[in-house]
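The values are calculated or read from the model by the stated rules, or taken from the named source; none is laboratory data. Since the structure is predicted, the reported quantities are computational estimates derived from the model, not experimental observations. No Cβ is skipped: glycine too gets one built from the backbone with ideal geometry, and neighbour counts run over all protein chains shown. The protein model used for the area step is the full one, side chains on, heavy atoms only, and it has no ligands, DNA or RNA in it. Shrake-Rupley method; radii C 1.70, N 1.55, O 1.52, S 1.80 Å.
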Amino acid sequence: MENSACATDVLVVGGGHAGIEAVLAASRVGCSVVLVTLSIGRIGEMSCNPAIGGIAKGTLVREIDALGGSMGVVADKTRLQFRMLNTRKGPAVWGPRVQSDAARYALEQREVLRAHGIRVVEDEAISLEGPTEEIIGVTCRRTGMIRCRAVVLAMGTFLGGRLFMGTERWRGGRTGDIASERLEADLRQRLFHVERFKTGTPPRIARGSIDEAALTVQESGSDDFCFAFGGSGCRGRSERFHQTSTNVGTRDAALRHISKSPLLTGMIGGKGPRYCPSFEDKVMRFPDRTSHNIYVEPMGFGSRLLYLNGLSTSLPREAQLEMVRSLPGFGNARISEFGYAVEYSSLHHSEISPSLRLRRGTNLFAAGQICGTSGYEEAAALGLLAGLNAARTVQGLERMHPDRMRSYLGVMVEDITSGGSTEPYRLFSSRAENRLHIRQDNAERRMLQVATEMGLLEGEKLETAEQRQTQADMARQAILSGSCGGVPARVLCRRPEVTAEQLLEVLPGLSGIERAILDSVILDERYEGYIHRGERRMEARRRAGDVSLAGIVSYLGVKELCWEAREALERVRPRTLAEAERVPGVRPSDVEGLLLHLASGRSTWNTGDGSSGSRA
Amino acid sequence: MPPEPDIICAPATPEGAGALGVIRVSGAGSCGMVEGLLSLETGRLSGMRRKVALLMDGERPVDRVVAISWPAGRSYTGEEMVELTCHGVPSILATIMELLQDRGARKAAPGEFTRRALASGTLTPLDVLALARILGGEGGGEELAGRLRESCRRLLEDVRSCSSALEGDMEFGDPNPDAGIGDAAAALEAAGRSAAALKEVADRLEGVGRVVIMGPVNSGKSTLFNLLAGADALVSPEPGTTRDGASRTVTIHGRRLMLCDSAGTGGDGLDRAASIAAVSSIGPYDRVVWMSPCGAEPVPDGIRHASLEVIEVAGRSDLVSEARGGALRVSSLTGEGIEALKERIASAPGSASVSGLAERATHGIRMTSESLRSGDFPLAAVHLREIEDAVTAILDEGKSMTLSIERALESLCVGK
């Protein structure tokens, strides 16, 4: 049954963080759009931690904002607390992080969609129509077929989702939601290679049932910061955040029930994230550690629910209750929602191209957890890119391929599409070779050119962006042409102790420029030399990529590599150095170690065995 | 790397009479050549073979020799090779050399066999250094090369541990402003100790690098030499008296160097000859301090191309206020600039030798430490990365070791 009233350019399946950005981006660049979601009421819902940002993730949010996306603006509007992480560790790893009012966040996102006139269809997408090479529409259970010229799949953890808690199992994407099983079946039928991943969530506690006095207060950072460049006007309300830690009692409670942990007993086949492990994971891996940090976060302003960050678990209810009650101040805690694990399907990396187009098709795109990533920020950024590229495909324009030397978006897309992960992908600052350049403070300048070329910025947002760029250019000019006491200002910038104030005193041309912009331009100058060297090194490595690894019998004995790399390479067995580079767990210095090993492998004089080894 | 077309040959045993003499022949076709020389059937020497045969020069018997052959890929040079062992009589050796050359072989240049071994990968640059050491008679060379490699690897490990600790701290460590540096500091200290150990080993293996003071006549070179060497050299108020130059092994800011004075350029007669000799003696591992009064005289191209580095010095700075751009202003009279010059000579960034690596590592560790202290962890990570790259490059044969190797190869005699 075809609903001919419903035809559109770009159809997005899924109303999560990826879907929202996708549908907004496609609309911004001029396509007609439809968003299909299982539940309008749950658009933009934060299924896990009610926070946006962090180290590297926070920078990604600023890139999203610089590309005209919604996440940063809405996070600013609904924030309860802001902290800049790593302020003493260097500007290239500063991580802006905002605790949000989860309910208001979702509401605001729905409001954004409404304000942009986005057509939302509340229904279950059950199959794609047409040959995979050219999808002609999407069929929904009640609405029938909606014709479209491109599709973005952004279903998150719903795809074939199964939930686990102790010995309980049930189908779903989140508690209370139904999983889109039929769509997964359709994708499998079209021969998409699918992997199973898992992720977990902690219990939610009833706020009135704990003794806050027993907890350590977490101080908020300054009020000045906004994800949105140029500020977004609205300030949220502030809330109280606390911190506590687990103890021997917590650990023992977990151990007593460990045999019933689906994450550990193999009931869940999916691979979990190494860096966001469940509490039972941590206990098994670090048995001697008696204390782990737990952050206590209200789900919203005045919310009755507290989120326990760090206590993700799939243990049975009794275990969860014991663990929670072992925390100081939680002796009488009531659990409103128990923690659980979700196993879901995601596409194999080989299915996805660097523009997020699915390789088997010409007009099918994917974004978010379905690409194997974890985290709202990662999903939103991918959604923006997928929506943009779907729109450009419809318009017959060349798609955007972000560069890993210019943005975390670029780093992430290249990582997930070339090497794949053995676990859900999470963004870390160390994944970026050009980390000194890819900072949270200069995201607007890094993305401006592509944002304007692609038409992603409009109206006031575009004006603000251009004005700020002008200021930055002026600042840079003043620094390049100025000097103080015979020392060029450019050189002064390299000294870590030199501040904007000091420069303002000697370079009158700098007055009138917004302080944040000036600070950022100074950092660009400070790191310029290192950035150039890094880029040259990257170039050299790209050229060296074709070296063959055929001669290596076993990576386990290659001393020039660290253990993680050895195991990873042994498992994957790449054919060339370029392929080895993309294997997860292999760092740039391991690549050079491989080169070194190949060279020394030709040394037969010392070993005397006469074999000529691998003449790569 | 394409194989050398020539077949080379040379005696491998020292000049003079001895019980045995060995002549090595290397190159594609050398087995066939020796088969012809010894009138053996074709293929008799292919593979790893041994044959005792009578060597004839036309009708005259020369000697009974043992020919041992290696196929390509399994020999010292990596090429097809034959070793001929004969009685250690100089005339016999000379005859065999003649006969080989008659058949098209070429007499090998000093160190050429080892050069080919290096090119084919059977020897690493570290091995060559060690070989030169052994053959140069200073002894303990082979042990040192092993130690050098060990020191490099240990440094690499320590730097990598520090890197890991740092990355872990940036990503998962306490994000609060009052968080400390933690494990990374301890790891960095360990790396610092490894770098110091490497420097010690490298310096001993490298020997001593030359710093030659050159410049037009009477520009004050000898006075400068004095100041830098901290001792008396021959300086006479009469111009043109330092003819032969002087050299001393000096220590400047902890770095041991061979400091050489030289006759000035631009003179005539004996001066001219001496200065030409000095200029032509400049090698690719020498650094030149080009001293001219007030920086007036530019560095000759020949010197710039031949040397590793030229440090331009404008002497007699007490006489003028401005120096030519880039040159260090120095006055032997007032002492101005001498300290800066010493720093420059001692620090030698960018040197491509092994001890240069050790210095870069030490410098890198210092920079890392500074970055950590000023609270810039990603920048510290970049510095660590650069050390890692430098050490990996050195262990990856062929790149920064080039200059040390050239020197070592030249020091070997013919037949090695």
Length released on extending from B:Met56 to B:Asn176, taking residue separation times 0.36 nm less the Cα-Cα span: 34.5 nm
Net charge dipole size for the range A:1-89 [Lys, Arg +1 and Asp, Glu -1 on Cβ; Debye, nearest 20]: 660 debye
Apportionment of accessible area to carbon and sulfur, the range A:62-171, percent (1.4 Å): 49 percent
Chymotrypsin sites (Phe, Trp or Tyr not before Pro) within the range A:104-206: DSSP coil, no more than 12 neighbouring Cβ in 10 Å: none
Helical contribution to [θ] at 222 nm, DSSP H n ≥ 4, -39,500 (n - 2.57), averaged over chain A, rounded to 500: -11000 deg cm²/dmol
Label-point separation in nm, B:Ala186 to A:Arg304, each point 7 Å along Cα→Cβ: 4.9 nm
Percent of C-alpha pairs per 5 Å bin, the range A:282-339, short to long: 4, 16, 26, 29, 16, 7, 2, 1
Heavy-atom accessible area per residue - the range A:401-532, 1.4 Å, Å²: 42 Å²
GluC sites (Glu not before Pro) lying in DSSP loop within the range B:38-103, provided at most 15 other Cβ fall within 10 Å: B:Glu41, B:Glu59
Shape parameters for the range B:37-97, alpha-carbon atoms, Rg then Dmax in Å: 12.2, 36
Pairwise FRET efficiency - A:Leu397 versus A:Ala550, Cβ, R0 = 30 Å, nearest 0.05: 0.15
Coarse-grained scattering of chain A at q = 0.05, 0.09, 0.12 Å⁻¹, given as base-10 log I(q)/I(0) from a Debye sum over alpha-carbon atoms: -0.24, -0.78, -1.32
Longest exposed-site-free window of chain A, the sites being GluC sites (Glu not before Pro) in a DSSP loop that have at most 13 other C-beta atoms within 10 Å: A:220-397
Spin-label pair B:Lys342/A:Arg88, simplified geometry with 7 Å Cα→Cβ offset, distance in nm: 3.8 nm
Inter-label distance, nm, simple model (7 Å from Cα along the C-beta direction), A:Leu504/A:Glu111: 3.4 nm
Carbon and sulfur %, accessible surface of the range A:411-508 computed with the full protein complex present, 1.4 Å: 48 percent
Relative contact order (percent, whole number), chain A, Cα cutoff 8 Å, 6+ residue spacing: 17 percent
Occluded residues from the range A:521-539, i.e. those whose accessible area drops by 50 Å² or more once the chain is not alone (1.4 Å probe): A:Tyr530, A:Arg537
Interchain or long-range residues, amide H under 5 Å from A:Ser483's placed H: A:Ala489
Accessible surface buried once B binds A (1.4 Å probe; total of both sides; Å²): 3500 Å²
Stretch gain in nm, segment B:Thr334-B:Ser91, where the contour uses 0.36 nm per residue and the Cα spacing is subtracted: 81.0 nm
R0 of 41 Å, Cβ-Cβ distance A:Glu212-A:Glu168: FRET efficiency to nearest 0.05: 0.85
Average beta-carbon neighbours from other chains, 10 Å sphere, peptide B:371-379: 6
Test item: A:429-438 mean partner chain Cβ contacts at 10 Å: 3
Calculated FRET value between A:Ser483 and A:Glu567, using beta carbons and R₀ = 45 Å, to 0.05: 0.25
Where the range A:29-87 is the region considered: accessible area per residue in Å², 1.4 Å probe: 18 Å²
Amide N of the range A:105-124 lying under 11 Å from the label point, which is placed 7 angstrom from the Cα of A:Glu458 along Cα→Cβ: A:116-118
Charge dipole (chain A, unit charges on Cβ, about Cα centre) - positive-most of A:Pro424, A:Thr87, A:Ala386: A:Pro424
Among A:Thr313, A:Ile335, A:Gly372 the positive-end extreme of the charge dipole of the range A:253-406 (Cβ point charges): A:Gly372
